[in-house]
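Every number in this text was worked out from the coordinates using simple rules, so none of it is lab data. Quantities reported herein were computed from a predicted structural model and do not represent experimental measurements. Counting neighbours? That spans all protein chains shown, and the Cβs are built from the backbone with ideal geometry, glycine included.
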Amino acid sequence: MQQADIIVENARVLTLDPGRPRATAVAIQGGKILAIGDTEAVAGMASTATKRIDAGGATVLPGFIDSHIHIFPGGAQIKSLSLVGLNGFDEIAAAVRKRAAQEPDTKILIAEQAGYFMFGDNEPITRQILDRVLPDRPLAVFASDHHTMWANTAALKAAGILHGREMPPGNEVVMGPDGLATGELREFEGFAPITDLTPTGGREMLGLQGSEPGVPPTAAQRAIDRGIISDGLAYCASLGITSFHNMDGNFYQLELLEEIDRAGGLTVRTRMPFRMMPDRPLSDLEKAVEMRSRWNSDVLRADFVKIFMDGVIESTTAHMFEDYVGMPGVRGSSYFDQAAFDAICIEADRLGLQIAVHAIGDEAVNITLNGYEAAQRANGKRDSRHRIEHIEMLLPADLPRFAKLGVIASMQPTHAPGGYYPPEPILSMVGHQRMMTGYAWQSIRETGARLVFASDWPVAPLDPLLGIKTAMVREPVFDGAPDESQSLADSIAGFTADGAYTEFMEDRKGVLKQGALADLVILSGDIERTRPQDVDALKVQATICAGRITYER
């Protein structure tokens with residue numbers, strides 16, 4: 001009989017394998033699952049060298065797969081000041097000033113997770129109010145969605161944008177009637193001059209822009225950046241994540257990840273994209289093909305294209321068919337017109353590349369679906385598994401098109417109002433009618449389309465257990481709105497089996513069965529006997545990736 005390297009026993013194993021949905025023990029050998037079954041049978045595969053883990057009756061699941069994160073920006077922001085839950089000038093100022101006192105030599109203080117109206121319902125964030133918070137040092141705060149930043153006067157001066165700067169379409173240094181910047185900076189190019197002032201020189205943001213460092217980083221800078229990404233990987237492992245799909249990418253990040261892998265530190269399976277930008281020629285997609293050929297292992301792959309179609313609702317940059325409520329003529333816009341986007345979809349699809357598109361507004365989603373349909377007409381129908389990220393607003397007529405076109409709905413439980421975030425200001429900005437098909441998880445599922453869940457970290461917390469909980473406990477945001485909450489089984493699948501399907505790996509991960517990759521997570525309790533609202537109180541006891549223990553509590 002073959003001998004196991006690791007045996008997890010006395011467990012409540014939810015395998016996600018329809019052929020054998022439950023077990024009590026898992027044996028691992030050489031990075032794969034050797035056997036799965038009852039504790040007595042699997043115990044016979046133990047030798048004196050086998051590490052035996054007693055799960056104590058707790059749930060064991062396939063390792064979590066987060067299908068939409070940003071590892072480099074996330075790692076860079078782990079230690080940043082978080083403004084989550086802080087409201088009103090006094091609370092925010094106290095937190096910022098405390099951090100400023102702790103970091104007297106920091107060139108620019110960056111805070112995260114700012115609410116658009118954290119100073120009050122009718123109090124926009126401006127450089128002047130941030131000047132009151134911290135008058136004598138550069139300060140900038142990221143919105144929770146990371147599509148807007150606000151900076152004080154000192155930061156705007158240090159970045160050279162107090163008097164404005166021309167930006168690519170969709171990106172903006174917002175100017176005031178006095179001819180000076182208001183402090184609001186929109187989208188990645190808009191706040192790049194600020195992030196250039198950070199210790200990384202903004203290198204963590206380059207993948208969002210699909211660009212490479214202008215000057216090759218020094219060995220010392222590369223070491224800093226590898227350390228930041230390694231911090232992000234360790235944080236993923238601590239939350240039971242064994243795989244993720246990154247949503248920004250460039251050759252530089254891939255080289256860093258390859259260096260981490262060669263040193264034995266790539267503890268989470270990583271999937272990276274090529275970022276296609278509006279101003280790039282179609283021939284740039286050949287770079288995506290080059291990435292795919294250079295990085296194509298079970299631990300590090302680069303095999304899809306990521307595109308931004310629009311912005312976000314809170315800043316009115318998500319592209320809508322109709323005006324935002326109370327804002328005549330304001331509908332947002334898309335970065336691509338239909339013809340240009342169709343051409344990208346047709347070429348990427350012809351090259352056999354999966355496409356993932358950030359589309360939040362209903363018109364942005366419509367343009368994206370039209371592009372995928374154009375690719376099918378041009379190239380024929382294939383198992384492309386193209387995806388749309390977020391899908392916060394959706395035309396009712398577009399609801400059945402996901403299943404018809406085989407498009408995966410990639411959605412984030414913690415983004416929906418009425419779950420992790422409150423209903424406002426989203427509900428007031430889009431109105432009740434649009435919200436009838438807003439964040440329409442169950443409505444999309446019931447058409448027969450495939451869903452996958454994710455966090456979008458660092459936009460929202462990374463913890464998959466929080467995502468599972470939020471998917472289950474979300475309530476309609478007004479009487480008469482559809483109930484889009486999810487079952488426990490669908491919520492778990494959204495962070496495991498569905499993630500594997502989305503990356504064409506359902507034959508060997510996202511499921512616990514003989515011969516599958518040995519990626520699994522051991523929880524601190526029985527998730528099936530835990531109240532939905534308490535699921536995120538469970539802890540990860542251990543994470544195993546590729547048969548290696550990558551985290552133990």
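In region 441-455, which residues have a backbone nitrogen under 20 Å from the label point lying 7 Å from ALA403's Cα in the Cα-to-Cβ direction?
Zone members listed by number: 441-453.
Between ASP196 and GLU91, what length in nm is gained on full extension when 0.36 nm per residue of separation is reduced by their alpha carbon distance?
Fully extending the segment from ASP196 to GLU91 adds 35.0 nm.
Hey, got the Cα dimensions of region 355-443 along the principal axes, in Å, largest first?
So the extents along the principal axes, rounded to whole Å, are 43, 21, 19.
To the nearest 20 Debye, how big is the dipole of region 443-522 about its Cα centre, given +1 on the beta carbon of each Lys and Arg and -1 on that of each Asp and Glu? Please list the in-between numbers first.
Numbers: 7 positive and 13 negative charges, 61 e Å.
Using only the charged Cβ atoms, the result is roughly 300 debye.
Most exposed first by the Cβ proxy, i.e. fewest other Cβ within 10 Å, how do ASP225, ASP261 rank?
With the fewest neighbours first, ASP225, ASP261 line up as ASP261, ASP225.
Counting only DSSP beta bridges with both residues in the chain, what percent are antiparallel, rounded to the nearest 5?
45 percent
Kirkwood hydrodynamic radius of region 61-127 from all distinct Cα pairs, in Å?
Hydrodynamic radius (Kirkwood, Cα pairs) of region 61-127 is 14.2 Å.
For GLN338 and GLU286, what is the calculated FRET efficiency with R₀ set at 25 Å and r taken between the beta-carbons, to the nearest 0.05? Don't skip to the end; give the middle numbers.
Working: r = 24 Å, r/R0 = 0.94.
With a Förster radius of 25 Å, E is 0.60.
Give the residues of region 398-425 whose amide nitrogen is closer than 14 Å to a point set 7 Å from the Cα of PHE321 in the direction of its Cβ.
From region 398-425, the list is 398-401.
Amide H neighbours of ILE53 under 5 Å, at least 5 residues apart or on other chains, H built in the peptide plane: list them.
Long-range HN contacts for ILE53: ILE7, VAL8, GLU9.
Would you mind ranking ASP490, ASP507, ASP362 so that the residue whose beta carbon has the fewest other beta carbons within 10 Å leads the list?
So the residues, fewest neighbours to most, are ASP507, ASP490, ASP362.
Calculate how many DSSP beta bridges within region 74-205 are antiparallel, expressed in % of all such bridges and rounded to the nearest 5.
60 percent
What is the projected area of the convex hull of the Cα atoms of region 219-502, averaged over all directions, in nm²?
Over all viewing directions, region 219-502 projects a mean Cα-hull area of 15.0 nm².
Report the convex hull volume per residue for region 318-397, counting only C-alpha atoms, in Å³.
Enclosed volume per residue, from the Cα hull, is 89 Å³.
What would the Debye equation give as log₁₀ I(q)/I(0) for region 74-205 at q = 0.14, 0.21 Å⁻¹, counting only Cα atoms as equal point scatterers?
Rounded to two decimals, the profile gives -0.55, -1.35.
For each of ILE224, ILE346, ILE444, ILE28, count neighbouring Cβ atoms within 10 Å of the residue's Cβ, then give the residues from fewest to most.
Placing the least packed residue first, the sequence is ILE224, ILE346, ILE444, ILE28.
Please say if region 262-398 is rounded, prolate or oblate, where rounded means a/c under 1.5 for a ≥ b ≥ c the square roots of the C-alpha gyration tensor eigenvalues, and otherwise the choice is prolate for a/b larger than b/c and oblate otherwise?
prolate
To one decimal place, what orientation-averaged projected area in nm² is obtained for the convex hull of the Cα set of region 440-522?
Seen from a random direction, the Cα hull of region 440-522 projects 6.6 nm² on average.
Which one of GLY448, THR437, ALA302 is farthest out on the positive end of the charge dipole of region 219-502, using unit charges on Cβ (Lys, Arg +1; Asp, Glu -1) and the Cα centre as origin?
Of the candidates, ALA302 comes out farthest on the positive side.
With a ≥ b ≥ c the root eigenvalues of the C-alpha gyration tensor of region 376-504, is it rounded (a/c under 1.5), prolate (a/b larger than b/c) or oblate?
oblate
Could you work out the Kirkwood radius for the chain, taking every pair of different alpha carbons, averaging 1/r and inverting it, reported in Å?
About 24.2 Å, per the Kirkwood formula over Cα pairs.
If you count the DSSP beta bridges with both ends in region 222-318, what percent of them are antiparallel, to the nearest 5?
Around 10 percent of the beta bridges assigned by DSSP in region 222-318 are antiparallel ones.
Rounded to the nearest 0.05, what FRET efficiency is calculated for ALA223 and ASP479 with R0 set to 45 Å and r the Cβ-Cβ distance?
It comes to 0.20.
Less than 29 Å apart at the alpha-carbon level, and either on another chain or at least 8 residues along: which lysines does that give for LYS306?
Of all the lysines, those that pass the test against LYS306 - Cα under 29 Å, at least 8 places apart if same chain - are LYS79, LYS287, LYS381, LYS404, LYS469, LYS509.
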